[in-house]
Amino acid sequence: MALMRCDFFSEALELSTSMTVILPQETSTQIGMSGAARAGGAPVLYLLHGLSDDDTIWLRRTSIERYVSTLGLAVVMPAVHRSFYADEAHGNRYWTFLSEELPSLVDHFFKVSTRRQDTFVAGLSMGGYGAVKWALRQPERFAAAASLSGALDVANPGMRQGRPELMDRVFGEDVRGTDNDLLWLLEQAAKSGRQLPALHVSCGTEDHLLAHNHAFVDTARRLDVPVTVEYEPGEHEWGLWDRKIQDVLRWLPLS
């Protein structure tokens with residue numbers, strides 16, 4: 001594998017920012033690990049961080065580089081700070097950066113596939129929310145999307161009670177019934193008949209965001225939107241996420 005920290009300027013954010021990228025490499029003599037690569041552009045997984053972290057966190061807390069080494073899969077991990085992957089009501093345009101600028105830059109900088117069947121997104125906590133939001137708002141881009149312990153119901157009053165200043169800065173006064181409300185987006189997707197990516201939701205049964213995951217899964221099932229669901233003992237912590245990202249990688253429809 002090739003690993004790089006890419007520092008670049010974002011026109012959407014009007015500032016310099018970073019992404020950490022894993023690129024596949026064919027190797028056979030590396031001790032303890034082999035690597036695979038594919039002809040043509042590599043399939044790509046956009047892997048999103050949580051509220052308190054940055055683009056380096058998946059490398060620092062899991063063995064994601066080792067897990068993808070034999071898959072021929074590129075992994076792109078952008079930094080978005082505490083933005084909930086949104087165009088903030090009183091801040092910067094992180095949704096525009098994520099959904100428009102970032103894929104264009106990745107395609108320009110690296111040899112990756114742009115085909116829907118080769119493009120995936122996943123994330124944890126705030127990143128799980130961002131992954132599902134991106135998949136529901138741009139379903140034509142992704143073959144699959146996964147949330148690990150995601151904040152999947154940001155319109156829940158408990159979110160604003162716990163972090164009122166953050167929620168006001170990012171979302172403004174109300175989330176419900178907007179493009180930042182995943183339950184509303186599910187309703188709109190079901191009405192539209194658009195083909196959605198395969199969806200995967202996992203969460204620990206002792207996680208404080210478990211109710212968010214139940215709300216999302218219950219809504220999906222009511223609307224007949226297929227979703228793979230995995231609940232297991234665990235809290236909001238990296239031991240669980242290190243295990244679940246391996247499950248997600250096995251679940252991805254890599255051709």
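Just checking, does the stretch 213-233 include any residue being part of a helix (DSSP H, G or I) and in contact with a Ser or Thr (Cβ under 9 Å, 6 or more places away or on another chain)? The answer is yes; a qualifying residue exists. Go over the candidates GLY162, GLY123 one by one and state the one that is at pLDDT below 95 and within 27 Å of LYS244 (Cα to Cα). Going through GLY162, GLY123 in turn, the sole match is GLY162. Six or more apart or on different chains, Cβ under 8 Å: which pairs go from a residue in the stretch 149-172 that's in a loop (DSSP other than H, G, I, E, B) to one that's β-branched (Val, Ile, Thr) and surrounded by 15 or more Cβ atoms within 10 Å (Cβ to Cβ)? Could you list them? Hits for this filter: GLY150/VAL132; GLY150/VAL201; LEU152/VAL132; LEU152/VAL201; VAL154/VAL175; ALA155/VAL175. Quick one: is GLY91 modelled with pLDDT of 95 or more and surrounded by fewer than 20 Cβ atoms within 10 Å (Cβ to Cβ)? The answer is yes for GLY91. For the stretch 193-209, the count of residues that are of a type outside the set (Val, Ile, Thr), under 18 Å from ALA151 (Cα atoms) and free of Cβ contacts under 8 Å to residues at least 40 places away in the same chain is nonzero. Of all residues in the stretch 1-47, those that are loosely packed, with under 13 Cβ neighbours inside 10 Å, hydrophobic (A, V, I, L, M, F, W, C) and part of a loop (DSSP other than H, G, I, E, B) total 3. Every condition in (1) within 14 Å of the chain's Cα centre (by Cα); (2) under 20 Å from GLN246 (Cβ atoms); (3) in contact (Cβ under 8 Å) with a residue 60 or more places away in the chain; (4) part of a loop (DSSP other than H, G, I, E, B) holds for ASP53 except the one numbered (3).
Inspect the stretch 116-138 for any residue being in contact (Cβ under 8 Å) with a residue 40 or more places away in the chain, over 20 Å from HIS236 (Cβ atoms) and assigned to a loop (DSSP other than H, G, I, E, B) and give the result as yes or no. Step through it out loud before you land on a result.
To start, the set of residues in the stretch 116-138 that are in contact (Cβ under 8 Å) with a residue 40 or more places away in the chain comprises 117-137.
This time we only want the ones that are over 20 Å from HIS236 (Cβ atoms), so: 117-121, 134-137.
Filter once more, so that each one left must be assigned to a loop (DSSP other than H, G, I, E, B): none.
Checking the stretch 116-138: not a single residue is in contact (Cβ under 8 Å) with a residue 40 or more places away in the chain, over 20 Å from HIS236 (Cβ atoms) and assigned to a loop (DSSP other than H, G, I, E, B).
Within the stretch 86-111, how many residues turn out to be part of a strand (DSSP E or B) and out of contact with any helix residue (DSSP H, G or I) (no Cβ under 6 Å at 6 or more places or on another chain)?
From the stretch 86-111, those part of a strand (DSSP E or B) are 87, 93; that's our starting set.
Subsequent filtering for residues that are out of contact with any helix residue (DSSP H, G or I) (no Cβ under 6 Å at 6 or more places or on another chain) retains 93.
So the answer is 1.
Name the single residue, out of those in the stretch 195-207 being in a loop (DSSP other than H, G, I, E, B) and touching a helix residue (DSSP H, G or I) at 6+ places or on another chain (Cβ under 9 Å), that is farthest from SER99 (Cα to Cα).
Residues of the stretch 195-207 in a loop (DSSP other than H, G, I, E, B): 195-197, 205-207.
This time we only want the ones that are touching a helix residue (DSSP H, G or I) at 6+ places or on another chain (Cβ under 9 Å), so: 196-197, 207.
Values: LEU196: 16, PRO197: 16, ASP207: 28 Å.
Ranking the qualifying residues of the stretch 195-207, first place goes to ASP207.
Could you tell me whether VAL227 is crowded, with 17+ Cβ neighbours inside 10 Å, hydrophobic (A, V, I, L, M, F, W, C) and touching a helix residue (DSSP H, G or I) at 6+ places or on another chain (Cβ under 6 Å)? Quick ask: steps written out before the conclusion?
Values: crowded, with 17+ Cβ neighbours inside 10 Å: yes; hydrophobic (A, V, I, L, M, F, W, C): yes; touching a helix residue (DSSP H, G or I) at 6+ places or on another chain (Cβ under 6 Å): yes.
Yes: the conditions hold for VAL227.
The values are calculated or read from the model by the stated rules, or taken from the named source; none is laboratory data. Given the structure is predicted, the values throughout are model-derived calculations rather than measurements. FYI the Cβ positions are ideal-geometry reconstructions off the backbone, even for glycines, and counts take in every protein chain you see.
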